[in-house]
Amino acid sequence: MSNSNAPWLNENIQALGLFLISLLLFLLFWEIGANLKLFAKGMPNASTTLKELWWWSTHPFFDNGPNDLGIGWNLLISLRRVTIGYFLASIIAVPLGILIGISPIAYRAFNPYVQLLKPVSPLAWLPLGLYIFRDSEQTGIFIILISSIWPTLINTAFGVANVNPEYLDVSKTLGASRLRTIFKVIIPAALPNIVSGLRISMGISWLVIVAAEMLLGTGLGYFIWNEWNNLYIPNILVAIFIIGLVGLILDNIFGALEKFVAFGRKA
């Protein structure tokens, strides 16, 4: 057993070692380059940025007023907006995607809306959202909803429309009703595609909210914009690192879920 696991362990150890070496070389290049003024004027070195990262990580929840919150509070605000907007988008996209996938009439009726609205930049909706809702919280949720709905809808419709016809024939032969076929055959068979769409939508949600929050007054996006106004680049880099780390964690969660519902397929 130990011999069969050895290649897997060796690959992971080698990958970890390569990652650590590349990270060390990157930080060394950054430190030396910044100290020698090889980069843009005012670019902080790696040690200063790491010190700021440590400070913000160990003091995440201070509250000195609405414009001076710890990065932990800003992270929670962004996550709250993403969670609500993403949930609303999902409960719209999944049923509508199933309908479009099983009904050619629904596909022809709704596909023009999808093709028209899908390419619109999320930031194009920001002025409209502020005008309609006149509230930064609701505007952020609206932008998440309108931006993240499409991957889930499209993947759900694709998965439903491409269910193996043999499954449907067997269900029909056994006398299953249309509703039972949908819940017992079509949805389970399309589940890998649905989860894949949900995963893409989550990535878009996290990407969009940071850009939108630069004009909404709170959240990680506003934190970055505020630090830019203060011309303090290390804190901007700290926020970028935290955004990337949270995005990585969210993607890995959905990646694990995607493998769980793959039913023996290679995910």
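The values are calculated or read from the model by the stated rules, or taken from the named source; none is laboratory data. Note that the coordinates shown come from a computational prediction; the quantities given were computed from them, not determined experimentally. We place every Cβ from the backbone using ideal geometry, glycine too, and count neighbours over all the protein chains shown. The accessibility values were calculated without ligands, DNA or RNA, using every heavy atom of the protein model including side chains. Shrake-Rupley method; radii C 1.70, N 1.55, O 1.52, S 1.80 Å.
Report yes if P112 is of a type outside the set (G, A, S), out of contact with any Cys (no Cβ under 7 Å at 6 or more places or on another chain), assigned to a loop (DSSP other than H, G, I, E, B) and open to solvent by 30 Å² or more (accessible area, probe 1.4 Å), otherwise no.
When the stated conditions are applied, P112 does not pass them.
Being more than 16 Å from G203 (Cα to Cα) and under 27 Å from the mean Cα position of the chain (by Cα), is that true of even one residue in segment 169-181?
Filtering segment 169-181 for residues more than 16 Å from G203 (Cα to Cα) gives 169-181.
Among the residues that remain, those that are also under 27 Å from the mean Cα position of the chain (by Cα) are: none.
Scanning segment 169-181, I find no residue that is more than 16 Å from G203 (Cα to Cα) and under 27 Å from the mean Cα position of the chain (by Cα), so the answer is no.
Looking only at segment 183-203, how many residues end up being among the β-branched types (V, I, T) and buried (at least 20 other Cβ atoms within 10 Å of the Cβ)?
Count: 3.
Of the conditions (1) of a type in the set (V, I, T); (2) without any contact (Cβ under 8 Å) to a residue 40 or more places away in the chain; (3) under 30 Å from L75 (Cβ atoms), T173 fails just one. Which one is it?
So T173 meets the others, but not (3).
Among the residues of segment 210-267, how many are without any contact (Cβ under 8 Å) to a residue 60 or more places away in the chain and either under 18 Å from E52 (Cβ atoms) or touching a Gly at 6+ places or on another chain (Cβ under 8 Å) (or both)? I'd like the intermediate steps shown before the answer.
Filtering segment 210-267 down to residues without any contact (Cβ under 8 Å) to a residue 60 or more places away in the chain leaves 214, 224-225, 227-230, 232, 236, 240, 243-245, 247-256, 259-260, 264, 266.
Remaining after also requiring either under 18 Å from E52 (Cβ atoms) or touching a Gly at 6+ places or on another chain (Cβ under 8 Å) (or both): 214, 224-225, 227-230, 232, 236, 240, 243-245, 247, 250-251.
Matching residues across segment 210-267 total 16.
Output the number of residues of segment 122-134 satisfying the condition of being within 13 Å of I204 (Cα to Cα) and either aromatic (F, W, Y) or open to solvent by less than 60 Å² (accessible area, probe 1.4 Å) (or both).
The first filter runs over segment 122-134 and keeps only residues within 13 Å of I204 (Cα to Cα), leaving 122-123.
After this cut, where a residue has to be either aromatic (F, W, Y) or open to solvent by less than 60 Å² (accessible area, probe 1.4 Å) (or both) as well, the list is 122.
The total comes to 1.
Take the conditions part of a helix (DSSP H, G or I) and within 26 Å of the chain's Cα centre (by Cα) and apply them to F61. Does it pass?
Working: part of a helix (DSSP H, G or I): no; within 26 Å of the chain's Cα centre (by Cα): yes.
Here the answer is no, as F61 does not meet what is asked.
Which one of the conditions (1) touching a residue at least 60 places away in the same chain (Cβ under 8 Å); (2) more than 23 Å from V208 (Cβ to Cβ) does A106 fail to meet, given that it meets all the rest?
Status for A106: all satisfied but (1).
Take segment 64-89 and flag every residue that is open to solvent by 20 Å² or more (accessible area, probe 1.4 Å), over 22 Å from L53 (Cβ atoms) and either aromatic (F, W, Y) or in contact (Cβ under 8 Å) with a residue 60 or more places away in the chain (or both).
P66, I84, Y86, F87
At pLDDT below 95 and of a type in the set (F, W, Y): which single residue out of F62, F26 fits that description?
On the way: F26 fails: at pLDDT below 95.
From the options F62, F26, the qualifying one is F62.
Can you report the number of residues in segment 22-63 which are of a type in the set (F, W, Y), farther than 16 Å from I236 by Cβ and open to solvent by less than 70 Å² (accessible area, probe 1.4 Å)?
1
Taking the residues in segment 135-168 that are open to solvent by 60 Å² or more (accessible area, probe 1.4 Å) and modelled with pLDDT of 90 or more as candidates, determine which candidate is farthest from R180 (Cα to Cα).
Restricting to residues being open to solvent by 60 Å² or more (accessible area, probe 1.4 Å) and modelled with pLDDT of 90 or more, the top hit is Q138.
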